[in-house]
Amino acid sequence: MTIVVTGAAGFIGSNIIKGLNSRGITEIIAVDDLTDGDKFINLADLKIIDYVDHNDFYDLFAAGAYGKIEAVFHEGACSDTMETDGRYMMDNNFSTTCSIQKSCQLQNTRLIYASSAATYGGSSVFKETPEFEHPLNVYGYSKLLFDQRMRAMYGNQFEHSPNQLVGFRYFNVYGPREQHKGRMASVAYHQNNQFKEQGRVKLFGAYAGYEAGEQMRDFVYVDDVVDVNLWFFDHPDKSGIFNLGSGRAQPFNDVALAVINAHRSLKQTHVNAGNKGYKDKTESSPLSLDEAVDLKLIEYIDFPQALVGKYQCYTQADLSSLRAAGCKHNFHSVEKGVTAYMHSLQVKKS
C-alpha cells in the first residue's frame with residue numbers, strides 16, 4: 001500500500017508521516033519544496049520510500065507514474081495568512097488542489113486534504129455550512145473556493161464522491177516540527193522562545209470587551225490532528241468537510257501559563273537530577289495566573305492599533321459534524337498539550 005503526503009517536510013505533513021510510521025506504514029512518497037533546506041530535519045527521522053519535488057510530482061501523478069496510490073494526504077499549501085499575492089495563493093492552494101483531486105478521482109485514490117478555519121474569517125459561528133463562511137484574506141478564500149468546488153461536484157458533504165474525499169478545517173494547531181514556520185508558527189512556539197530569551201511572556205491587553213490575555217482561540221495539539229486524520233484513513237466510507245479543532249476555546253493566558261509552568265517543571269527536574277535531596281516548592285509548584293502576573297512572568301502590552309478591527313477575539317470549532325461521523329477522539333486541553341510540547345522541545349534539545 002503506497003501513500004502520498006504532500007507538504008511532507010512541513011508541520012502537519014511530517015507529523016502525519018510520523019503517525020503512519022508508528023503503524024508500520026513506510027511505503028510513503030513525500031512531496032514538498034526544499035528550497036528552504038533546513039526543512040529536511042522534519043523528514044530525517046522518518047521512513048519514506050521516495051521524495052519528489054512538488055514541481056515534478058503533480059504531472060507525474062496525473063500520468064500514473066507511481067502506480068496504485070491508496071490515499072493522498074494533501075497538506076501542501078501556502079499557509080501564510082499575510083500573503084497578499086493573490087495569483088500565487090490561488091495557484092498554490094486552489095489550482096494545485098484541483099489538479100491533485102482530478103488525478104485522485106481518475107485513479108480511484110482517496111484524498112484527505114487540508115482546508116482551514118480561515119474560511120470562517122469574521123464569522124462568530126464555526127460550523128461547516130456556507131452561511132458562516134466569510135474569509136477575511138485571500139488565503140481563506142483560496143481554501144474556501146476548493147471546498148465550494150467539491151460541494152458543487154459531490155454534494156454538501158461530498159456524499160456523491162466515488163472515492164473518499166475529506167477536507168479538514170484546521171484551527172490553531174501547535175506542536176513539534178513547526179520550527180521552520182517563522183511568524184506563522186504557533187502561539188505556544190513563540191511564547192516558548194520569548195520566555196527563554198526574556199524570562200517572560202507578552203500578551204495583548206484588554207480589547208473588544210475581553211480582559212487582558214483573555215482573547216480566546218481553539219488551540220489544537222498536532223497529535224490530535226494526526227489521530228483524526230488517521231481515523232478517517234481507517235474509515236474510507238466517511239467523506240465530507242470537518243472542523244478539526246479541540247472544540248474548546250481557551251484564552252491566551254492559558255497558553256502562556258502552561259508554557260511558564262512547563263519551563264519551571266523542567267528546570268526543577270534538571271535541578272533534582274543533580275541533587276536528589278533538593279526540593280524547592282517555588283519552582284516545583286504550578287503558578288496561578290495571578291501569581292505569574294505578580295512575578296512579572298506575564299506582561300500585558302497595549303493592543304496594537306494596526307490590528308484594531310482585523311483581529312478575531314474568539315474561535316471555537318463546532319465538532320458536531322465530526323462526532324456525527326463517528327469520530328469520538330478525546331482532544332488535549334491546552335494545559336496537557338502545551339506541557340507535552342514543551343517537554344518534547346526539551347528532549348529534542350538534549
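Step by step: first the residues of the range 185-217, then only those that are out of contact with any helix residue (DSSP H, G or I) (no Cβ under 9 Å at 6 or more places or on another chain) and assigned to a helix (DSSP H, G or I), then the one that is surrounded by the fewest Cβ atoms within 10 Å (Cβ to Cβ). Which residue is that?
197
How about the range 291-318: which of its residues are in contact with a strand residue (DSSP E or B) (Cβ under 6 Å, 6 or more places away or on another chain) and aliphatic (A, V, I, L, M)?
292, 298, 301, 317
Where the second residue is assigned to a loop (DSSP other than H, G, I, E, B) and surrounded by 13 or more Cβ atoms within 10 Å (Cβ to Cβ) and the first is among the acidic types (Asp, Glu) and lies in the range 294-322, which pairs have Cβ atoms under 6 Å and are six or more apart or on separate chains?
299/200; 302/205; 318/126; 318/127
Within the range 231-241, is even one residue β-branched (Val, Ile, Thr) and part of a helix (DSSP H, G or I)?
Looking through the range 231-241, none of the residues is β-branched (Val, Ile, Thr) and part of a helix (DSSP H, G or I).
Examine the range 166-189 for a residue that is assigned by TED's automatic domain parsing to the domain that holds residue 130, under 30 Å from residue 21 (Cβ atoms), over 20 Å from the mean Cα position of the chain (by Cα) and not aliphatic (A, V, I, L, M), and state whether such a residue exists.
The answer is no; no qualifying residue exists.
Enumerate the pairs (first residue in the range 185-199 and among the β-branched types (Val, Ile, Thr); second residue anywhere and part of a helix (DSSP H, G or I)) with beta-carbon separation below 8 Å, excluding pairs fewer than 6 apart on the same chain, so at least 6 apart or on different chains.
187/252; 187/255
One residue is enough: does the range 142-154 have a residue meeting the conditions modelled with pLDDT of 95 or more, part of a loop (DSSP other than H, G, I, E, B) and over 23 Å from residue 7 (Cβ atoms)?
No, the range 142-154 contains no residue that is modelled with pLDDT of 95 or more, part of a loop (DSSP other than H, G, I, E, B) and over 23 Å from residue 7 (Cβ atoms).
So residue 177 passes all but one of these: (1) outside any helix (DSSP H, G or I); (2) within 19 Å of residue 72 (Cα to Cα). Which condition number does it fail?
Against the list (1) outside any helix (DSSP H, G or I); (2) within 19 Å of residue 72 (Cα to Cα), residue 177 comes up short only on (2).
Checking the condition buried (at least 16 other Cβ atoms within 10 Å of the Cβ), aromatic (Phe, Trp, Tyr) and on the phi > 0 side of the Ramachandran plot, which residue from 158, 168 passes?
Numbers: 168 fails: on the phi > 0 side of the Ramachandran plot.
It is 158.
Can you go through 102, 47 and tell me which one is among the basic types (Lys, Arg), assigned by TED's automatic domain parsing to the domain that holds residue 236 and free of Cβ contacts under 8 Å to residues at least 40 places away in the same chain?
Exactly one residue qualifies, and that residue is 47.
Of everything in the range 267-324 that's outside any helix (DSSP H, G or I) and basic (Lys, Arg), which residue is modelled with the highest pLDDT? Lay out the reasoning, then the answer.
Of the range 267-324, the ones outside any helix (DSSP H, G or I) are 275-280, 285-288, 295-304, 308-319.
Those still in the list that are basic (Lys, Arg) too: 276, 279, 296, 310.
Values: 276: 48, 279: 46, 296: 97, 310: 80.
Among those residues, the one meeting the criterion is 296.
The values are calculated or read from the model by the stated rules, or taken from the named source; none is laboratory data. Predicted model, so just to flag it, every value in this text is computed and none were measured. Glycine also receives a Cβ, built like all others from the backbone with ideal geometry; neighbour counts cover every protein chain displayed.
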